[in-house]
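Asks: Supplied in structure tokens, the structure appears directly below.
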Amino acid sequence: MPSASDARETIEPVLIVGGGPVGLALASDLGWRGIRCLLIEQTDGSIYQPRMDLVGIRTMEFCRRWGLVGAVEASPYPRDYAQDNIYLTSLTGYELGRERFPGIGQAPPPPESPQRRERCPQNMFDPILREFAASQKSVTLRYRTRLLSFTQDSATVTATVENADTGAREQMTVRYIVGCDGARSLVRETLGIGMSGNAVLTYTTNVIFRCPHLLSLHDKGKAYRHILIGPEGTWATIVAINGRDQWRFSIIGGSEQREYTTEEIAAAIRRAVGRDFEFEILSVLPWVRRELVAERYREGRGLIAGDAAHAMSPTGGFGMNTGIGDAVDLSWKLAATIDGWGGDGLLDSYSVERQPVGARNVAEASGNLRRMLSVGAHPDIDDDTPQGAATRAKVGREFSESMRREWFTLGIHLGYRYEGSPICWPDGTPAPPNEARAYVATARPGHRAPHAWLADGHSTLDLFGRRFTLIGFDAEAAEAAPLLDAARARRVPMEFVALREPKVADLYERRFVLVRPDGHVAWRDDRMPADPLHLIDVLRGAADGPSVAAWHEPANACKLA
Ligand SMILES: Cc1cc2nc3c(=O)[nH]c(=O)nc-3n(C[C@H](O)[C@H](O)[C@H](O)COP(=O)(O)OP(=O)(O)OC[C@H]3O[C@@H](n4cnc5c(N)ncnc54)[C@H](O)[C@@H]3O)c2cc1C
């Protein structure tokens, strides 16, 4: 047994607990900013059953910033594999409807972004983030290391961690602890942060099975997702998890916990395919689908991000993508606080900005689940009769229509906004609609600064990241001097970029637009502010800004239309 004398004191600014995609993204972004951090992960990082596979368009924009687009595009998921979603009674049975999508590599990015969403399952994506995080000089990754407990006072956090192989325990003192430790977060629990929502939507069972010749057993062709609809309604899905020989079969289940034997699982897979065939079950993972969001994301020196802060149904593919959004919002705020230019309110704004986004995405994911299960029972759906055909036509039509909301979600990924944020300066303009499907590009404060191609071939997004960026349209640096001087006086890193691009100027709508390190607009106007120092103090969380009433929309209005 380790003795107290084994204990060693280390001081790092940030301890990240959890090496899933969100912890790795946070370590990556902190490292990219040169901030020292230690990430601990209780496992060796191997992924036995990939969960996420959709890397959303905003996450890809962050990968662009980190220089990881090439690595994601080079991952082994075949880029010409059709991404259709099919609704069917079985793979060899009746097709009720289909939403067609080309292979990921065959779809150009939409006009709203320099990137496209990618299909890169967790067992391919996590290693990309891991390698990137490990390559940062200021980042230390320690696997097989588990957080046991921690306490905090006004200046530090003291954590006890254990080596999972030797049992040796160690105490470390850090300035901040961030729980990226998943849905059952010890960090969240220790901080006493409650979750609200619904703790059980379904008890679902995921099975990865191998069958290299599955495509030859049916006539439906290549597709990403198959939604199985039987006489009882929607009951299972099959997903092309690596686009080659492995498939993820999910028995959706219900609110009653249920364990399946291997024979039952095999029978269910045969039912879904509609015939007997040879396959190998690689792994079985029972899990609980939840609809929960944390009441707040910060308590003193402890913060939470990713599944630790929000647990949602995978319907929509929002979970990790929301978590990586948390990491990017939090990272520059931690960096600013550690570097000394962030004010007392900066870390508080993390919860104010991100919790409503978590709540929105959790609700949307549950809505997608409800739509997927909305079919209800149709005892004749498999009947080879005119009545059966009529039922299939009706179900197919209605289901195809309602499922579109899940397949087209640019608004979810790009349209989130930090309405009422204490570190953004409102300009009094109304917000564009907040919709799951449509995204309206806007440079209104609180929104993601929109993408536009520049004459030199770069995206506007390439201008943002390491510091505040003050864009002046048809303006000289001398005109921007009051704000640049104020930033310098407060040690806020800020760069001026003069743009003479009329189309971009039209999109951004004001002569001066100030974009934060995370790519969100902090302030915009046609002229310099009357009190530049006060503006800078508000944006760095060191002074109160305009009241929430100054925003056109109610505070935190992040609900979907
Ligand atoms: C079937 C399925 C499909 C999904 N598809 C998508 C998708 O397409 N797109 C998407 O965005 N999301 C998807 N998700 C959700 C996504 O997988 C999660 O949101 C994401 O993995 C959360 O990442 P995380 O890093 O927050 O947490 P996790 O991935 O859960 O990682 C937490 C880590 O913390 C470690 N840990 C826990 N406690 C400790 C401790 N005390 N000490 C040290 N380490 C600890 C754990 O070992 C774990 O590695 C899907 C989920 C499921 C179930």
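Asks: Mind listing just one residue for me: the one in the range 100-121 that is over 30 Å from ASP276 (Cα atoms) and not in a loop (DSSP other than H, G, I, E, B) and, of those, least open to solvent (accessible area, probe 1.4 Å)?
Replies: The qualifying residue least open to solvent (accessible area, probe 1.4 Å) is GLU118.
Asks: Can I ask one more? Among the candidates ALA455, ALA498, ALA542, ALA505, which residue alone is within 20 Å of PRO114 (Cβ to Cβ) and either open to solvent by 40 Å² or more (accessible area, probe 1.4 Å) or assigned to a loop (DSSP other than H, G, I, E, B) (or both)?
Replies: ALA455
Asks: Turning to a different aspect of this structure: So LEU215 passes all but one of these: (1) open to solvent by less than 50 Å² (accessible area, probe 1.4 Å); (2) in a helix (DSSP H, G or I); (3) away from the ligand (no atom under 16 Å from the Cβ). Which condition number does it fail?
Replies: (1)
Asks: If you don't mind, another one. Show me the strands (runs of 3 or more DSSP E) entirely contained within the range 27-99 in which 3 or more residues are touching a residue at least 60 places away in the same chain (Cβ under 8 Å) and away from the ligand (no atom under 14 Å from the Cβ).
Replies: Those strands (runs of 3 or more DSSP E) span 85-88, 95-99.
Asks: Something else about it: Take ASP344 and tell me if it is under 30 Å from GLY420 (Cα atoms), open to solvent by 40 Å² or more (accessible area, probe 1.4 Å) and either part of a helix (DSSP H, G or I) or modelled with pLDDT under 95 (or both).
Replies: So ASP344 passes the test.
Asks: Closer than 30 Å to THR92 by Cβ, open to solvent by less than 30 Å² (accessible area, probe 1.4 Å), out of contact with any Asp or Glu (no Cβ under 8 Å at 6 or more places or on another chain) and basic (Lys, Arg): is that true of ARG370 in this structure?
Replies: No: the conditions fail for ARG370.
Asks: Next question, about the same structure. Are any residues in the range 483-493 free of Cβ contacts under 8 Å to residues at least 60 places away in the same chain and either crowded, with 19+ Cβ neighbours inside 10 Å or more than 13 Å from ARG467 (Cβ to Cβ) (or both), and if so, which ones?
Replies: LEU483, LEU484, ASP485, ALA486, ALA487, ALA489
Asks: Then there is this: So which of GLY345, GLY358, GLY323, GLY319 is more than 16 Å from the ligand (Cβ to nearest atom) and more than 30 Å from THR92 (Cβ to Cβ)?
Replies: Sole residue among the options that is more than 16 Å from the ligand (Cβ to nearest atom) and more than 30 Å from THR92 (Cβ to Cβ): GLY345.
Asks: Sticking with this structure for a sec: All but one of (1) of a type outside the set (D, E, K, R); (2) free of Cβ contacts under 8 Å to residues at least 60 places away in the same chain; (3) open to solvent by 30 Å² or more (accessible area, probe 1.4 Å) hold for TRP247; state the number of the condition that does not hold.
Replies: (3)
Asks: Suppose we keep only residues that are open to solvent by less than 40 Å² (accessible area, probe 1.4 Å) and in a strand (DSSP E or B) within the range 252-307. Which one would you say is farthest from THR337 (Cα to Cα)?
Replies: SER283
Asks: Look at SER400 and say whether it is at pLDDT 95 or above and open to solvent by 10 Å² or more (accessible area, probe 1.4 Å).
Replies: Judged against the criteria, SER400 is a match.
The values are calculated or read from the model by the stated rules, or taken from the named source; none is laboratory data. All of these numbers come straight from a predicted model, not from anything done at the bench. Here Cβ is always computed from backbone atoms with ideal geometry, including for glycine, and neighbour counts include all displayed protein chains. Side chains are part of the model used for accessible areas, which takes the heavy atoms of the whole protein and leaves out ligands, DNA and RNA. Shrake-Rupley method; radii C 1.70, N 1.55, O 1.52, S 1.80 Å.
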